[in-house]
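Derivation of every value follows stated rules applied to the coordinates shown; laboratory data play no part. All values derive from a computational prediction rather than experimental measurement. Virtual Cβ from ideal backbone geometry, glycine too; neighbours counted across all protein chains shown.
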Amino acid sequence: MLPVQFFVAPKDSIRKLQSRPWLLILAFFQYLLFGTGLLLSPVLELSIFIQSRLLDEKYRVVMQTEKDLDCTLPRNLPDIEIMPVGSRSVLPCPHFT
């Protein structure tokens, strides 16, 4: 596993519930009624699967033949999975210190 860190503004993250606890009540009802909002964040919403053999030197996906699109071939199984999951920072972020 290779962790990659990216910055999310505090106003768009679950950290705003620390400074405004009353928003937790609103977020709870929003999640309960509509299944959206800040409480949905801890759930993985997206996975990206890539075949490393199709990446060129600039890490762009390049199809070489029509067989590269055939999902029934064993050689076309992805070997890289990218899972953007919100978690604690891997490295200290200067914006939160």
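The figures follow:
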| quantity | calculated |
| --- | --- |
| Lysines whose Cα lies under 29 Å from that of Lys58, excluding same-chain neighbours fewer than 8 positions away | Lys67 |
| Charge tally in the Cβ shell below 15 Å around Leu26, where Lys, Arg are +1 and Asp, Glu are -1, Leu26 excluded | +3 |
